[in-house]
Structures are given as C-alpha cells and as structure tokens.
1. Based only on other Cβ atoms within 10 Å, what is the fewest-to-most ordering of A:Arg371, A:Arg186?
2. What ³J(HN,Hα) values, in whole Hz, does the Karplus curve 6.51 cos²θ - 1.76 cosθ + 1.60 give for the range B:61-78 when θ = phi - 60°, with x put for Gly and Pro?
3. Once Lys and Arg get +1 and Asp and Glu get -1 on their Cβ, which of A:Leu48, A:Tyr149, A:Pro32 lies farthest toward the positive end of the dipole of chain A?
4. For the range B:3-86, what D do you get in µm² per second when you plug the Kirkwood radius from alpha-carbon pairs into Stokes-Einstein at 4 °C and 1.567 mPa s?
5. Using the structure shown, select from A:Lys70/A:Lys393; A:Lys346/A:Lys367; A:Lys393/B:Lys44; A:Lys224/A:Lys246 the pairs with a Cα to Cα distance greater than 28 angstrom.
6. Order of A:His340, A:His28 from fewest to most other C-beta atoms within 10 Å?
7. Ranked highest first by average number of other Cβ atoms within 10 Å, how do A:357-370, A:56-69 line up?
8. Residue by residue, what Karplus-based ³J(HN,Hα) values in Hz, rounded to whole numbers, does the range B:4-16 have, using 6.51, -1.76 and 1.60 with θ = phi - 60° and x for Gly and Pro?
Amino acid sequence: MATKTQTVGANAKFTNLSNEEILRYSRHLIMPEVGMDGQLKLKNAKVLLIGTGGLGAPLGLYLAAAGVGKLGLVDFDVVDSTNLQRQVTFGAQDVGTPKTLAAKNRLSSLNSDIEIETYETKLESGNALELFKDYDFIVDGTDNFPTRYLVNDACILLGKQNVYGSIFRFEGQATVFGAPDGPCYRCLYPEPPPPGLVPSCAEGGVLGVLPGIIGSIQAMETIKLIIGRGDSLAGRLLLFDALGMKFRELKLRKNPDCPVCGKNPTITKLIDYYEFCGVRGEEAPASDVQVPEITPRELKSRLDRGDDLFILDVREPHEYQICNLNGHLIPLGDLTRRAHELDTSKEIVAHCRSGKRSAEAVDFLRKAGFRKILNLKGGILAWSDEVDPSVPKY
Amino acid sequence: MPVKVIIPTPLRVFAAKRDSAEFPAASVGEALNKLTTEFGELRKHLYTDDGKLRSFVNVYVNDEDIRYLGKEETPVKDGDIVSIVPSIAGGRS
C-alpha cells in the first residue's frame with residue numbers, strides 16, 4: 001500500500017508470536033495468504049472503529065478474533081434493549097452500559113492479547129484528526145451523514161484508508177475510500193441529501209442480520225488491507241439487496257474535481273459537518289414543520305370529557321398492529337389520495353409514532369383547507385409515557 | 001426488451017413499493033422521465049426544482065456512473081439496467 005501512513009508493520013513493535021498465539025491463530029498461519037508474515041501484520045495493526053453498533057458489532061468481534069493488535073472504539077451511546085436485535089456484541093446485561101465499555105468487555109473476553117482503547121465521545125471536527133492519527137485504518141460504521149463526511153475528510157487529510165459500510169432496511173453498501181489514487185466518499189456523493197428527504201434508519205428500520213453481513217464485509221476488507229492481500233473494494237461500490245439476495249457491483253471513479261481529494265482541493269481542513277448537511281444537532285432536521293399541537297394529557301382529558309375528536313393515525317398498517325389509539329388509519333404516503341375520507345368540519349387530532357410524520361400530515365391538511373386539526377405532541381411514544389404505559393413503545 | 005430501472009429501497013415508498021420498473025427508452029433521461037411520470041412523488045426526490053438530478057442520487061447504466069458517460073443523455077439500449085443509487089447512512093444506532 002502506497003503511502004507511508006498506510007503501511008502496517010513499518011515500525012513493527014511485535015516481531016514474533018507466542019506459542020499460545022501460534023495455536024490460537026493456526027488456521028490463519030497454515031494459509032499461505034496470511035502465514036506468519038500476515039499474522040504479525042495483524043498483530044502490529046491499529047484499527048479505529050467509528051461506531052460500535054450494528055456494523056461495529058461484527059467488525060469488533062472478527063477483528064478482535066483475527067488478532068488485530070490494537071482496536072480503538074468510538075461511540076457515545078449507551079446500550080438499550082432495541083439494540084439487541086442486531087448489535088450482537090451486547091447482551092441483555094449490558095443495557096444501560098456505555099457501548100464502548102460493553103464492547104470492550106466482550107472483545108477482551110474474546111481475545112485478551114489485544115489492546116482495546118475506548119473513546120466515549122462524539123466524533124467531531126475538533127477531535128477527529130487527533131483520534132485518527134495513531135491508527136492505520138479507519139472503519140466507518142456510523143449512522144448519519146455529518147459523521148460520514150467528517151470521517152471521509154479526516155481520512156483524506158491524513159492519507160488513511162476508510163473501510164466504508166452503510167445500511168438501510170434490507171439494503172447495504174460497502175467500499176473502501178481513500179486508497180492511493182482511489183475515490184473518496186465525496187467523489188461518490190458530493191453532497192448529502194437534505195434532511196427529511198431520505199428517511200433515517202430509526203424511521204425505516206433495519207433487518208437485524210443485514211449489519212452482520214455488511215459489517216463482516218468491512219472486517220474482511222480491513223484484514224485484506226492489513227495483510228496486503230487480494231483486491232480491495234477501492235474503486236468499486238458493492239451493493240447488497242437482502243430481500244432479493246443479490247450482490248451487485250458498480251464502478252467508482254475518482255473525481256478529478258473532488259473538493260477534498262481532487263487535484264485542486266478546496267477543503268483543506270475539517271469543516272462544520274452539521275451545517276454542511278443542513279442539520280443542527282443529531283436528530284433535529286431543519287425542515288421540521290411548525291403546526292398546532294396538543295399534548296397527550298390534554299388529549300386524554302378532552303376525550304374523557306366527551307369532546308368529539310377524530311383521531312387520525314398516519315403511521316403504516318404494520319405499525320398500527322403493534323399498538324394504536326383506535327384512530328382512523330391513513331398512512332402519510334396515502335394522505336393526498338385519501339384526504340376525502342376526512343371531514344373538514346370535525347376537530348381532528350393526528351398522530352404517528354413520535355410526532356414527526358403527523359406534523360407533516362397536519363401541515364399538508366392545513367394547506368388543504370382543514371382548520372381544526374392538531375398534532376399529538378410526541379406521538380404514541382409520549383402517549384405511552386404520559387397517559388397510558390400499557391401502550392407498548394417501539 | 002425495454003430498459004429496466006432499479007428503484008432503491010429508500011425510494012420505493014414513492015414508487016408504489018416497486019423495486020424496479022421497465023420502460024422503452026433511448027436515453028437515461030428518457031427512462032427517468034417515464035419513471036417519474038408514472039410515479040409523480042419520485043420526481044422531487046430525484047430532481048431539484050430546476051430539473052437537475054440531485055447530487056446525492058447517482059445513476060448508473062449497468063455498472064458505469066452516468067456522470068462519466070453522457071450524463072442524462074447517455075444512450076441506453078434494450079436490456080440495459082439503469083440503477084438509481086442514493087446515499088444511505090445507517091449502521092451505528
């Protein structure tokens with residue numbers, strides 16, 4: 001691998017394996033493609049995992065098992081029970097524990113010979129270069145556009161390769177960015193989508209095995225880069241469709257005019273990635289519409305005193321099956337077509353899971369002439385918290 | 001045999017949940033135009049208000065990015081696969 005920072009073992013700290021390590025890694029050692037040389041490269045390698053969630057789980061497990069000498073784990077999140085469906089490093093006993101700590105415990109129990117450094121912090125423009133500089137390879141397993149662009153730019157500025165994976169529902173993408181003469185994330189996507197235009201993972205859901213597959217591909221690519229074997233995904237975008245069980249491959253080209261890795265870069269230091277992506281704060285899309293609201297408690301007391309309110313549920317039918325408030329179901333996407341089912345003279349309270357989709361529905365219906373319409377603040381989640389805990393949260 | 005347009009997961013909700021659609025077309029632009037005529041809601045996700053393809057949506061003919069071919073004028077022939085590949089970011093949470 002061309003640039004100096006990407007050469008593993010240039011200043012090799014470890015020059016031999018113990019007898020216990022030889023036994024542990026024997027299935028690597030008997031393969032000529034890895035052998036003693038490759039295993040020592042793994043032992044001397046330092047890999048930084050951005051995110052210890054869905055993609056980070058198989059990444060951490062396989063890289064620790066393979067004997068990567070130093071793993072850095074960056075995450076600021078705490079394990080919650082909705083993580084366990086796919087984040088297989090964690091067990092039920094870890095709920096409430098910081099993810100970096102829970103992951104470190106699990107990976108140390110798998111392989112106590114390796115060094116694991118945890119960074120319980122949010123990756124930001126102010127700390128990225130400092131965090132990245134001591135690592136050979138960066139593996140991007142994060143979940144939002146600002147961090148994706150930040151990881152990309154920091155890797156390009158430092159001349160490090162970025163093993164990229166991302167997922168959405170049952171579809172995944174993987175590639176390697178920042179290889180010598182290879183394309184970067186900005187060559188592929190010069191700009192992020194505006195907030196709200198592409199649904200987030202939290203809204204869209206994800207099939208639990210999918211991050212296992214894409215994260216495992218990232219782990220494989222990382223190991224290949226470390227041992228310097230095979231053809232990496234650099235210059236190729238691997239697309240995986242789990243429902244169709246199809247892998248496809250597209251060509252990725254380096255954009256000579258790329259603002260960060262092109263011939264005349266205009267981005268020469270890290271920028272404000274939230275501003276770049278049009279978001280202020282983690283989950284607060286700037287496009288959120290302001291509409292009249294009603295709190296769950298207000299709604300409850302008005303229903304209790306017999307007010308004639310029409311409850312409109314704008315979630316999807318499969319969500320209605322999980323829990324509902326006996327509302328009339330018209331999914332947001334069908335509202336344009338089915339608005340005629342609603343009576344403009346009646347007072348309507350629209351709700352969804354968290355209040356975001358129903359705000360869009362209220363905004364749309366107000367523009368369509370509905371005057372007496374309110375959005376249930378915080379959605380069915382807030383209803384469960386404030387009025388009726390027997391309604392399950394999802 | 002017409003051109004097959006592959007609709008990615010995040011955009012299927014705007015295309016009657018279809019994963020692909022086929023249209024007779026001579027260029028990428030024509031195929032996408034037919035797609036967004038059939039599924040009107042897709043248009044704002046693929047094009048800006050002034051009719052340009054959005055920069056976070058890439059379009060490929062078979063395995064080649066149309067930005068490095070003839071952009072929307074890239075000719076297509078029967079049996080070609082036009083893929084819409086938007087950026088997705090999920091993975092950690």
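Read-outs throughout are calculated quantities, based only on the coordinates presented, and are distinct from any laboratory measurement. As the structure is a prediction and not an experimental result, all values here were calculated from the model. With ideal geometry, Cβ positions are generated from the backbone for all residues, glycine too; neighbour counts draw on all protein chains shown.
1. Details: A:Arg371 11, A:Arg186 21.
By the 10 Å Cβ count, ascending: A:Arg371, A:Arg186.
2. Karplus-based 3J(HN,Hα) across the range B:61-78 equals 9, 6, 10, 10, 6, 5, 4, 9, 10, x, 6, 6, 7, 3, x, 10, 10, 3 Hz.
3. In chain A, that residue is A:Pro32.
4. 104 µm²/s
5. Working: A:Lys70/A:Lys393 39 Å; A:Lys346/A:Lys367 16 Å; A:Lys393/B:Lys44 32 Å; A:Lys224/A:Lys246 23 Å.
Beyond 28 Å between Cα atoms: A:Lys70/A:Lys393; A:Lys393/B:Lys44.
6. Going from least to most buried by this count: A:His340, A:His28.
7. Peptide ranking by packing, descending: A:56-69, A:357-370.
8. Per residue, the Karplus-derived 3J(HN,Hα) values read 9, 9, 8, 9, x, 3, x, 9, 5, 4, 9, 10, 6 Hz.
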